[in-house]
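Report on one structure; see the data block that follows.
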Amino acid sequence: MPEDESSSLQEKKEKAKKKKPKLLNKFDKTIKAELDAAEKLRKKGKVEDALNAFELLVTKYPQSPRARYGKAQSEDDLAEKQRSNDILLRAIGSYEEVAGLPNVPTDLVKTALKRKANRQQFLGRMRGSILTLQKLVQLYPEDIPLRNELGVGYLLLGDNQKAKQVYEEVLSLDPNNGFAKVHYGFILKAENKIAESIPYLKEGLLSGESGTDDGRFYFHLGDALQRVGDKEAYTWYEVGHKRGHFASVWQRSLYNVDGLKAQAWWTAKETSYADLVRSLEANWKVIREEGLAVMDASKGLFLPEDENLREKGDWSQYTLWQQGRKNDKSCKAAPRTCALLERFPESTGCRRGQIKYSVMHPGTHVWPHTGPTNCRLRMHLGLVIPSEGCRIRCANDTRSWKEGKVLIFDDSFEHEVWQEADSYRLIFIVDVWHPELTQHQRRTLPAI
């Protein structure tokens, strides 16, 4: 059982005592009382007083790396308190100054530059962060965790190939490194090397190492196992659920609001969006007419599904709203449909959803998958539905579409689609905010 093995290994890792980092050089030990007094102010949350104290120490002892590091930390704290990017940039500069002083303890160089890289990432300065991490790896080539952090930096930058090279180097130096394994498996999965990704993800999770117990890795391991037909997928989903990463084995979204009603299928009455459902069903022929016009081959307006969700087949979409933003160009081709939707901000304003036409041709199968968030519900309005062969499963309940009728489900639950008819299927997809979200949440939740 993966859970038992992983728990045992993680306990061993946790029992291994980490050495306390050495942040003081010989000189700083002679002024330890002054450093401690300033640090005490910082830990008590007296940010301005702490910064003043550390600035005085830097002026008094310019050769003190620990004083300068305390100044950087205090600037960092003040930037957070005042929500000031300018002060944070000062902190980043101070972290760099620490590493440039003479006789700086190795642990302090690593700590200061790692924090500098982290703050650069926070500001979106990803390339600057990479340069900082590269410098660390050059200074300490034997430090495997620093290489691992460089790999993460490349992933955040979107450079999977560079990240892959880093993790290959790590695994050549440390073949059992669990952190490198889960990230390497994650990259292989993104490259659609499904079977190859499985042992890396599995062994990395079983290692129990810090940084491996992440919902994304359980998510992708389970997905990879499902795609090769291995029922062990649900064992791993269960482990992910017990670790608190998934709401349930079925509901595996990763960007969630706690406490929202969770069920796979919904009725219009349960959603409180009955007016929207009635309007869609009353106007379904208008919506179909504009969708068929957009489907005209000479216009080429439908775009293939690009999230690697298809096992096989032909599935394309035409998007009118994305993340709460209207696509004016798309709406010019479907003006009556867009005018109809403008009356329903629960959908057009849903920054975690879409409004789109979806056409699926015969011979298409969509892998079991889950949406990214539990903050939305998904409506499917049937427009052109073959008499047989088209069905959708959400959790353990399978249903079919009907022309002019709306199906409503929570796509954060696992769902799967089959198109085995002899002609195309056209539906209209309308995402709406989960009805239990407050107005404040709807205004402030970040887009997905």
Select from Asn160, Asn374, Asn327 the residue whose mean-square fluctuation is largest in a Gaussian network model of the chain (Cα-Cα springs shorter than 10 Å). Asn327
Under 1.5 on a/c is rounded, so check that first for the range 208-277, then, if it is not, pick prolate when a/b is larger than b/c and oblate when it is not; a ≥ b ≥ c are the square roots of the alpha carbon gyration tensor eigenvalues. prolate
Mean shadow area (nm²) of the C-alpha convex hull around the chain is 24.7 nm²
Tell me the volume per residue, in Å³, of the convex hull enclosing the alpha carbons of the range 265-444. 109 Å³
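Using Cβ contacts closer than 10 Å as the measure, can you line up Ser400, Ser347, Ser412, Ser330 from fewest to most?
Ser400, Ser330, Ser347, Ser412
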If you average the sequence gap of Cα pairs under 8 Å that are 6 or more apart and divide by the length of the range 265-444, what percent do you get for the contact order? 26 percent
How about Lys332: which aspartates and glutamates have a C-alpha closer than 17 Å to its C-alpha, ignoring those fewer than 8 places off in the same chain? Glu289, Glu290, Asp296, Glu342
Would you order Tyr61, Tyr154 from fewest to most other beta-carbon atoms within 10 Å of each residue's own beta-carbon? Tyr61, Tyr154
Once a ≥ b ≥ c are taken as the square roots of the eigenvalues of the Cα gyration tensor of the range 16-59, is the result rounded (a/c under 1.5), prolate (a/b larger than b/c) or oblate (a/b not larger than b/c)? oblate
Residue order, fewest to most beta carbons within 10 Å, for Thr319, Thr30: Thr30, Thr319
Pick out, in residue order, every one of the GluC sites (Glu not before Pro) in the range 74-156 that is DSSP loop and has at most 16 other C-beta atoms within 10 Å; say none if there are none. Glu142
Can you compute log10 of I(q)/I(0) for the range 142-192 with the Debye formula, treating each Cα as one identical point scatterer, at q = 0.22, 0.24 Å⁻¹? -0.68, -0.80
Through the Karplus equation 6.51 cos²θ - 1.76 cosθ + 1.60, θ set to phi - 60°, convert the phi angles of the range 265-270 into ³J(HN,Hα) values in whole Hz; use x for Gly and Pro. 10, 10, 9, 4, 4, 5
For the chain, set up a GNM with springs between Cα atoms under 10 Å and report which of Lys164, Lys71, Lys32 has the largest fluctuation. Lys32
Amide H contacts under 5 Å for Asn327, restricted to residues at least 5 apart in sequence or on another chain and with H modeled in the peptide plane, are Trp321, Gln322
Past 28 Å, Cα to Cα, is the threshold; run Lys164/Lys202; Lys193/Lys356; Lys116/Lys181; Lys44/Lys181; Lys110/Lys242 against it and keep the listed order. Lys193/Lys356; Lys44/Lys181; Lys110/Lys242
Which whole-Hz ³J(HN,Hα) couplings does the range 312-328 yield from phi under the Karplus relation 6.51 cos²θ - 1.76 cosθ + 1.60, θ = phi - 60°, glycine and proline marked x? 7, x, 10, 9, 10, 9, 10, 9, 9, 10, 9, 6, x, 10, 6, 9, 4
Stokes-Einstein at 10 °C, 1.306 mPa s, Kirkwood radius from Cα pairs: D for the range 2-242 in µm² s⁻¹? 80 µm²/s
For the chain, which cysteines have no second Cys with its Cβ under 4.7 Å from theirs? Cys350, Cys375, Cys390, Cys394
What is the pair-distance distribution P(r) of the range 23-98, computed from all Cα-Cα distances in 10 Å bins starting at 0, with each bin given as a whole percent? 23, 54, 21, 2
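Read-outs: derived from the displayed coordinates by stated rules, not from any lab. Just so it is clear, the structure is predicted and the values come from calculations on it, not from any experiment. Backbone-built Cβ (ideal geometry, glycine too); neighbour counts: all protein chains shown.
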